[in-house]
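One structure is given here, and the rest of the page talks about it.
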Amino acid sequence: SSPVRLDSRVGGLGSACRSPLLVSRLFQPSNLRESKDAALDIRAGEMTCRSQKLMLQGGLIHPSSPGCYCYLPATVRAMEKLVRVIDQEMHAIGGQKLDMPSLCSAELWRRSERWSLMGNELFRLQDRHGAEFCLGPTHEEAVTDLLASQGTLSYRQLPLLLYQVTRKFRDEPKPRFGLLRGREFYMKDMYSFDASEEAAHQTYQAVCQAYDRLFHRLGLRCVKVQADTGNIGGKLSHEFQLPADVGEDTLMICGNCDFSANTETVEPGRTDCPQCHSGVLIESKGIEVGHTFYLGTKYSTIFNATYYNAQNKPVVAEMGCFGLGVTRILAAAIEVLSSEDAIRWPGLLAPYQVCILPPKRGSKAEDVGSLAEDLCCGLEELPNLKGEVVLDDRTQLTIGKRLKDASRLGYPYVIVIGQSAMEEQPQFEVRCQQNEETMFLSKEGLLDLL
Ligand code: ATP
Ligand code: MG
Ligand code: MG
Ligand code: MG
């Protein structure tokens, strides 16, 4: 099997470095040794899971208060990459990115009646004048009011797809499992406006297909299941679920046809498929990473979000809304791809793509250590790898120890400069995480591979 090439549509995060990024300088506080907080967290008997443990131990997140974390630099890099892939898929279906305030006026939420319906999950606050606000847990009210206030939308501008990637706030009764269920987290939320129910269904399908492409590119096997519409409301809804034992949703999947549903919608205890009637329903746990809703005119009626039709008459717009749990996807990917003690990222999201290990100080190969920087700069010139290469300069440590750290942090490629680099035609040992293969390549071979 040949290693998978890096996706050139995503590319590296930085500009080519003048001096290489050094592992000894990275702010990754626990640096793999069990951090005090991680140990405390786990000892406290709090339910935990693989991704939470790996992210705490790997210096990817730092607990702040229940359900709130500092996202440390490596996590921010992974998230920036994820957002870039999301942007590409949303732009491909005509999505336009905006950014709405987190501070949401209570007045809008009272109009939709969700000020009371959301109960304790809503973080509420007052400004100095006594005006009430909530910290946005989702933005149907805000975006529909925005549309309504424009007043001049024409049918020619539809479908209109607006989305944002912002922090969301929910006072979860049980924040847990690290980034899987936070009280403050990142969500991509898209809202669609269409001229008819039929057009809204087409948009709904287009977004679902964009989600399929996204998860396919990330290498995550998602199941799309029929779902409940909860307090968001609407008529039609699907969840994108990542099968995993730690998942908090229970799914019923037919072994015979394409029927799959969240048990929230299925008659409980049912084992025969309600669609094909011959298949048996198999139960599994899932992590909800995305959720799509066809809303109809629920919000557009309340806020009077209309467009002008061909006869120049105002008509209430048909809406849909489409969520993706950005920080949840990061943790869920680590959850399902990693082993007990080594993080494995979707290739596109790894915080850094390559780690180079120069020889140990005082070893036979020390003299060829300078090849490391040379190689680093060579790789950084590849458009895919700009800002993506780190040099593990902790040469007081053995190659073995640093290799172990590197495999635990999940660099897709680790390059060892050792004995074989001392030959007249230096060969580099390349470990490819994806297929667990080790190769010996010349510098040219390496540049070609990556
Ligand atoms: P859950 O059932 O897990 O509580 P939800 O159904 O309340 O999620 P939605 O309102 O559908 O969530 O929000 C859209 C997406 O936001 C979800 O599919 C999920 O990926 C993400 N999400 C929701 N709540 C959280 C949370 N507390 N922490 C991280 N991500 C979340
Ligand atoms: Mg919820
Ligand atoms: Mg749910
Ligand atoms: Mg949901």
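What follows is calculated from the coordinates using simple rules that are stated; it is not laboratory data. Predicted model only: the values in this text are computed from it and were never measured. Note that we place each Cβ from the backbone using ideal geometry, even for glycine, and neighbour counts take in every protein chain shown.
Quick notes on this one:
- Share of Cα-Cα pairs in the chain lying beyond 44 Å, as whole percent: 21 percent
- The charge dipole of the stretch 294-381, taken about the Cα centre with unit charges on the Cβ atoms of Lys, Arg (+1) and Asp, Glu (-1), comes to about 620 debye, rounded to the nearest 20.
- Considering only Leu147, Cys208, Thr271, and ranking their Cα positions along the charge dipole of the chain that arises from unit charges at the beta-carbon of Lys, Arg, Asp and Glu, the one farthest toward the positive end is Leu147.
- For the stretch 212-278, the dipole from Cβ point charges (+1 on Lys and Arg, -1 on Asp and Glu) about the Cα centre works out to 340 debye, to the nearest 20.
- Total formal charge among the other residues, if their Cβ is under 15 angstrom from that of Val289, Lys/Arg +1 and Asp/Glu -1: +1
- Every Cα-Cα pair in the stretch 278-357 was counted, and those over 22 Å apart are 58% of them.
- Net charge of Cβ neighbours under 12 Å - reference Cys208; Lys, Arg +1; Asp, Glu -1: -1
- Fewest-first ranking of Ile282, Ile93, using other Cβ atoms within 10 Å as the exposure measure: Ile282, Ile93
- Rounded to the nearest 20 debye, the dipole magnitude of the chain is 740 debye, with +1 charges on Lys and Arg beta carbons, -1 on Asp and Glu beta carbons, and the Cα centre as origin.
- For the chain, the residue among Ser260, Gly119, Val280 whose Cα projects farthest onto the positive side of the dipole built from Cβ charges is Gly119.
- Pairwise Cα distances in the stretch 183-322 exceed 20 Å in 54 percent of cases.
- In the chain, taking the dipole from charged Cβ atoms about the Cα centre, the farthest positive-side position among Phe428, Leu379, His129 is held by His129.
- For peptides 306-317, 175-186, sequence by mean Cβ density within 10 Å, most packed first: 175-186, 306-317
- Counting beta carbons within 10 Å around each of His139, His238 and listing the fewest first gives the order His238, His139.
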